[in-house]
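Down below is the structure, laid out as structure tokens.
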Amino acid sequence: MQHKGTNTVETLRLVLRRFRIEDAKAMYQNWASDMEVCKYLSWGPHPNEAASRARIKYWISRYGEMNFYQWAIVLKDQNMPIGSISVEISNERTASCEIGYCIGRDYWNRGIMTEAVRAIMHYLFYDIEYIMIQAKHDVLNVASGKVMKKVGMMYVKNEVNVGIRRDGTHYDVAVYQKYIDTD
């Protein structure tokens, strides 16, 4: 694998780039403070903009690491972050990784996340040389599973009783994977 870090990736509508400290307000307003966006995530919602700023400062401190991947999803016509996508887990031995993503509610059902995930998967497969990319979603978060299917991931299995949601209920996750196309 050839780790290159969080480099800018562009699509027709999006710029996927490193976070900047001035993105804290947009992060907080567009997704990090929204209980509905954070409902199935392991973090959040952030109580205030300072919490978003602290998270971004942490990411910025790691951008010098070539195996750290954390992108802001920016619509070109709005020039502000509306979500994020990252490599959550990386396994050098198997050249595999797990990605995670979220996007503000105002941007749901517009194909934006599918476009972002496709672009990042291409980067991870062809620039970094991962051979398998995995993603997981709470089984109740059907929309996230639809994104995984649209980007060509295949359902592998459910992992049962993975954790406890903020409402106290236990949850299962659906696991999807995609291997690099070899033909």
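The values are calculated or read from the model by the stated rules, or taken from the named source; none is laboratory data. Not measured: the values here are computed from a predicted model. No Cβ is skipped: glycine too gets one built from the backbone with ideal geometry, and neighbour counts run over all protein chains shown.
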**OP:** Report, ordered by the first and then the second residue, all pairs with beta carbons closer than 6 Å, sequence separation of six or more or different chains, a first member in the range 23-52 that is buried (at least 17 other Cβ atoms within 10 Å of the Cβ), and a second member that is at pLDDT below 85 and not in a helix (DSSP H, G or I).
**Re:** Ala32/Gly44; Cys38/Gly44
**OP:** Considering (1) out of contact with any Leu (no Cβ under 9 Å at 6 or more places or on another chain); (2) closer than 23 Å to Val173 by Cα; (3) crowded, with 19+ Cβ neighbours inside 10 Å, say which one Cys97 fails and leave the rest.
**Re:** (1)
Subject >> Matching residues in the range 112-133 - criterion: being assigned to a strand (DSSP E or B) and either on the phi > 0 side of the Ramachandran plot or surrounded by 19 or more Cβ atoms within 10 Å (Cβ to Cβ) (or both) >> reply: Ile133
Original post:
Out of Arg118, Arg110, Arg165, which single residue is of a type in the set (Lys, Arg) and modelled with pLDDT under 95?
Top reply: Arg165
**OP:** Looking at (1) more than 12 Å from Ile73 (Cβ to Cβ); (2) buried (at least 19 other Cβ atoms within 10 Å of the Cβ); (3) out of contact with any helix residue (DSSP H, G or I) (no Cβ under 7 Å at 6 or more places or on another chain), find the lone condition where Ile89 falls short.
**Re:** (2)
Original post:
Gly168: in contact (Cβ under 8 Å) with a residue 12 or more places away in the chain and of a type outside the set (A, V, I, L, M), yes or no?
Top reply: no
Original post:
Taking into account only those residues within the range 123-157 that are touching a residue at least 40 places away in the same chain (Cβ under 8 Å) and of a type in the set (Gly, Ala, Ser), which is nearest to Asp167 (Cα to Cα)?
Top reply: Ser144
**OP:** Working carefully through the options Asn161, Asn109, find the one that is closer than 20 Å to Trp43 by Cα, surrounded by fewer than 17 Cβ atoms within 10 Å (Cβ to Cβ) and more than 12 Å from the chain's Cα centre (by Cα).
**Re:** Asn161
Original post:
How about the range 64-81: which of its residues are part of a loop (DSSP other than H, G, I, E, B), touching a strand residue (DSSP E or B) at 6+ places or on another chain (Cβ under 7 Å) and polar (S, T, N, Q)?
Top reply: Asn67
Original post:
From the list Ser61, Ser90, Ser52, Ser144, which one is hydroxyl-bearing (Ser, Thr, Tyr) and not in a helix (DSSP H, G or I)?
Top reply: Ser90
